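Enquirer: I'd like to ask you about the structure that follows.
The values are calculated or read from the model by the stated rules, or taken from the named source; none is laboratory data. It should be emphasised that the depicted structure is a prediction, and the values quoted were computed from it without experimental measurement. No Cβ is skipped: glycine too gets one built from the backbone with ideal geometry, and neighbour counts run over all protein chains shown. Just so you know, the surface numbers come from the protein's heavy atoms only, side chains and all, with ligands and any DNA or RNA stripped out. Shrake-Rupley method; radii C 1.70, N 1.55, O 1.52, S 1.80 Å.
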Amino acid sequence: AAMESAYQTFRVVTRDGAVTDAFLVEENTEAVVLRQPGAADRRVARAEIREAGFLRRSLMPEGLLEGMAPGQVSDLFAHLKSLR
């Protein structure tokens with residue numbers, strides 16, 4: 001399935017070795033701004049970043065839909081599509 005670019009995981013590895021996987025909110029020559037569900041946006045200065053880039057996966061946990069009945073999954077996707 002295709003993943004909309006707004007939902008791609010962006011990984012930042014800082015010079016101290018900390019790894020953060022989040023949504024990329026903003027990027028400029030001075031910093032990147034990251035957003036994780038349930039947390040405030042975090043600004044990371046470019047000088048602190050060792051590596052940064054998009055991963056080929058979503059932040060959605062693997063197997064999240066496996067515990068749902070097929071009708072519930074259909075309802076969930078219909079609701080999500082209605083939010084556009």
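Enquirer: Of the trypsin sites (Lys or Arg not before Pro) in the stretch 14-75, which ones lie in a loop per DSSP and count no more than 10 other C-beta atoms within 10 Å?
Expert: Counting only loop positions with at most 10 other Cβ atoms within 10 Å, the trypsin sites (Lys or Arg not before Pro) in the stretch 14-75 are Arg15.
Enquirer: Glu30 to Arg50: FRET efficiency via 1/(1 + (r/R0)^6), r the Cβ-Cβ distance, R0 22 Å, to the nearest 0.05?
Expert: 0.85
Enquirer: Let me ask another. Once you've got the GNM for the chain with C-alpha springs shorter than 10 Å, pick whichever of Val32, Val12, Val73 has the biggest mean-square fluctuation.
Expert: Residue with maximal mean-square fluctuation among Val32, Val12, Val73: Val73.
Enquirer: Still on this structure: Between Ala40 and Glu66, what length in nm is gained on full extension when 0.36 nm per residue of separation is reduced by their alpha carbon distance?
Expert: 6.4 nm
Enquirer: How high is the relative contact order of the chain, in percent, with contacts defined as C-alpha pairs under 8 Å that are six or more residues apart?
Expert: That works out to 28 percent.
Enquirer: Compare Leu65, Leu24, Leu34 in a GNM of the chain, Cα atoms joined below 10 Å, and give the one with the largest fluctuation.
Expert: Comparing Leu65, Leu24, Leu34 in the GNM, the peak value goes to Leu65.
Enquirer: Classify the stretch 30-78 from the C-alpha gyration tensor, please: rounded if a/c falls under 1.5, else prolate or oblate depending on whether a/b exceeds b/c.
Expert: Cα axes put the stretch 30-78 in the prolate bin.
Enquirer: Heavy atoms only, 1.4 Å probe, whole protein assembly: order Glu66, Glu26 by accessible area, highest first. It would help to have the intermediate numbers written out before the result.
Expert: On the way: Glu66 160, Glu26 95 Å².
Heavy-atom accessible area, descending, gives Glu66, Glu26.
Enquirer: Let me ask something else about it. Can you work out the accessible area per residue across the chain, with the rest of the protein chains kept in place, probe 1.4 Å, in square angstrom?
Expert: I get 76 Å² per residue for the chain.
Enquirer: Ok, one more. Find out how many positive minus negative residues lie around Gly53, taking Lys and Arg as positive, Asp and Glu as negative, among other residues whose Cβ is under 13 Å from that of Gly53.
Expert: +1
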